[in-house]
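A.B. asks: Next up is a structure, given as structure tokens.
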There are 4 protein chains.
Amino acid sequence: MAFSWPVRVYWEDTDAGGVVYYANYLKFMERARSEWLRARGFEQDVLRDVHNIMFVVRRVEVDYLAPARFNDALDVSVSPARVGGASLVVEQTVSRDVTPLIVARVTAVCVDAVRFKPVKIPAFILQTLETAP
Amino acid sequence: MAFSWPVRVYWEDTDAGGVVYYANYLKFMERARSEWLRARGFEQDVLRDVHNIMFVVRRVEVDYLAPARFNDALDVSVSPARVGGASLVVEQTVSRDVTPLIVARVTAVCVDAVRFKPVKIPAFILQTLETAP
Amino acid sequence: MAFSWPVRVYWEDTDAGGVVYYANYLKFMERARSEWLRARGFEQDVLRDVHNIMFVVRRVEVDYLAPARFNDALDVSVSPARVGGASLVVEQTVSRDVTPLIVARVTAVCVDAVRFKPVKIPAFILQTLETAP
Amino acid sequence: MAFSWPVRVYWEDTDAGGVVYYANYLKFMERARSEWLRARGFEQDVLRDVHNIMFVVRRVEVDYLAPARFNDALDVSVSPARVGGASLVVEQTVSRDVTPLIVARVTAVCVDAVRFKPVKIPAFILQTLETAP
């Protein structure tokens, strides 16, 4: 069971083609990743201020299969594919009902929040991300 | 002669109503204010890092007269209406050819960049903003 | 009792000043207005496709009292101030706990969805907006 | 020589991490693709209204090598990698001076503007995209 987060499509998300603008799905996916971390007990401002780390996106691959439209009720999933060292790879989908509209693979890197250099993901995070559903 | 900055409307700016989304005109107006300051010799990162000040918006009044659309070539004007103490009021329009689409009045406050408390606009800025066209 | 809608602040909403970018509060306010209409039984895509009307923003006045930051849990209120003819004025606040950060007044106009010309707000909408809390 | 389009980083583009928000580079890349088409004589509103076609993004791969910051003057390149049938693959970079910050590969599909079904890229576009630098 992947983690899933609901997202409603508002006017701000759409473009004059009548569909959600392609960059905005990356916002939806980031909201879901933030909520996925929160659901596992990790607040990103605490990670930054107390533990001096941030997760920054290093690579995205996104396939746009079908468009979402104004007022759609979407679900955005987060499923860890590989966690280890300084990096974290998650697979994400944006779906309407059971239809996947977007399929993506996002690689994030754990960095020192001041110097922006990669550092190992702390053990207390690693353990939770590896074992939580 | 008010300062004017060109803005092209891209897909990102529009919504499913086929027009520019109402919040995005505030982005256009901020771009024009940033370029207006730059044209007068003030880079905001230097103001923050060297002079420890930032301008933050305290109030906006915006009248939406007519919509802009995808591909429109717009002009965004900046005209100081009142400069003094810690605050700066500018009048701005967003126009297509000579037709004003948006008319706005924006009040910004000069703040200490660390504590976010209002401080007097430094004299070297005040003099330039009062005398430059 | 005003209608209220929760909004979480994500990375997308913030800027390099460490606070929510000033235009993005207008997105939050539009989300709350969309949900306020939905809670009263009005879906904007149905209003457009079946009843041939849209509400477009004609004027906003926004006072920025204090900044919101990453991860803040905000509440956005909608309270109708005046409904009549073709126009609708709502008062909105964006608050964190009980502290108002943003106070706004938004005027929307009911327009023909094809020709974008003002038309009277239909009676079935007017009655609901006047009587619902 | 790839086509290149200048983009200035404004407050709207940044996030509370002090850098450009990862989704916003996709806006920069779309602006450059729109200007690349315009420079070759193709206005997208004319393509839609007269020729009944649109280009929609089918896939993006983006590598984030280094962050851009407020006030940076960036260059966004567009270089066609493969043009044929209904699809168009372009390689894009976002650079500051000569340093590439972002490297991307974007696949767009030519679709019928009404039914959103893939159609062959018209010959008059294909010829220009294949021969123009």
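A.B. asks: Do you know which of the residues in the range A:66-96 that are out of contact with any strand residue (DSSP E or B) (no Cβ under 6 Å at 6 or more places or on another chain) and not in a strand (DSSP E or B) is nearest to the other protein chains (Cβ to nearest Cβ)?
C.D. replies: Restricting to residues being out of contact with any strand residue (DSSP E or B) (no Cβ under 6 Å at 6 or more places or on another chain) and not in a strand (DSSP E or B), the top hit is A:Asn71.
A.B. asks: Continuing with the same structure: Where residues in the range B:33-53 are in contact with a helix residue (DSSP H, G or I) (Cβ under 7 Å, 6 or more places away or on another chain) and surrounded by fewer than 17 Cβ atoms within 10 Å (Cβ to Cβ), which of them is farthest from B:Pro80 (Cα to Cα)?
C.D. replies: B:Gly41
A.B. asks: Go through the residues of the range D:35-48 one by one and say whether even a single one is more than 7 Å from every other protein chain (Cβ to nearest Cβ) and over 17 Å from the mean Cα position of the chain (by Cα).
C.D. replies: Within the range D:35-48, one or more residues are more than 7 Å from every other protein chain (Cβ to nearest Cβ) and over 17 Å from the mean Cα position of the chain (by Cα).
A.B. asks: In this structure, does B:Val114 turn out to be under 30 Å from A:Tyr22 (Cα atoms), within 14 Å of chain C (Cβ to nearest Cβ) and out of contact with any Gly (no Cβ under 6 Å at 6 or more places or on another chain)?
C.D. replies: For B:Val114, the condition - under 30 Å from A:Tyr22 (Cα atoms), within 14 Å of chain C (Cβ to nearest Cβ) and out of contact with any Gly (no Cβ under 6 Å at 6 or more places or on another chain) - is not met.
A.B. asks: If you take the residues in the range A:19-65 that are among the aromatic types (Phe, Trp, Tyr) and in a loop (DSSP other than H, G, I, E, B), which one is nearest to A:Ala132 (Cα to Cα)?
C.D. replies: A:Phe42
A.B. asks: Right, D:Asp63: more than 12 Å from chain A (Cβ to nearest Cβ), of a type in the set (Asp, Glu), open to solvent by 10 Å² or more (accessible area, probe 1.4 Å) and in contact (Cβ under 8 Å) with a residue 24 or more places away in the chain or not?
C.D. replies: no
A.B. asks: In the range D:8-32, what count of residues is obtained for those that are within 11 Å of chain A (Cβ to nearest Cβ) and crowded, with 21+ Cβ neighbours inside 10 Å?
C.D. replies: Of the residues in that region, 14 qualify.
A.B. asks: Report whether or not C:Pro80 is under 30 Å from A:Glu43 (Cβ atoms), open to solvent by 40 Å² or more (accessible area, probe 1.4 Å) and free of Cβ contacts under 8 Å to residues at least 60 places away in the same chain.
C.D. replies: No, not satisfied.
A.B. asks: Okay, moving on. Tell me which residues, restricted to the range D:108-132, are farther than 21 Å from D:Gly41 by Cα and loosely packed, with under 12 Cβ neighbours inside 10 Å.
C.D. replies: D:Val114, D:Arg115, D:Lys117
A.B. asks: In the range A:94-107, what count of residues is obtained for those that are touching a residue at least 24 places away in the same chain (Cβ under 8 Å) and open to solvent by 10 Å² or more (accessible area, probe 1.4 Å)?
C.D. replies: Total satisfying the criteria: 6.
A.B. asks: So, D:Trp5, is that one of a type in the set (Phe, Trp, Tyr), open to solvent by 40 Å² or more (accessible area, probe 1.4 Å) and either more than 8 Å from every other protein chain (Cβ to nearest Cβ) or touching a residue at least 12 places away in the same chain (Cβ under 8 Å) (or both) or not?
C.D. replies: When the stated conditions are applied, D:Trp5 passes them.
A.B. asks: Would you check if there is a residue in the range D:26-48 being in contact (Cβ under 8 Å) with a residue 12 or more places away in the chain, within 24 Å of D:Phe116 (Cα to Cα) and among the β-branched types (Val, Ile, Thr)?
C.D. replies: The answer is no; no qualifying residue exists.
The values are calculated or read from the model by the stated rules, or taken from the named source; none is laboratory data. Note that the coordinates shown come from a computational prediction; the quantities given were computed from them, not determined experimentally. Cβ coordinates were reconstructed from backbone atoms using ideal geometry, including for glycine residues, and neighbour counts include every protein chain displayed. Surface accessibility is based on the protein's heavy atoms, side chains included, excluding ligands, DNA and RNA. Shrake-Rupley method; radii C 1.70, N 1.55, O 1.52, S 1.80 Å.
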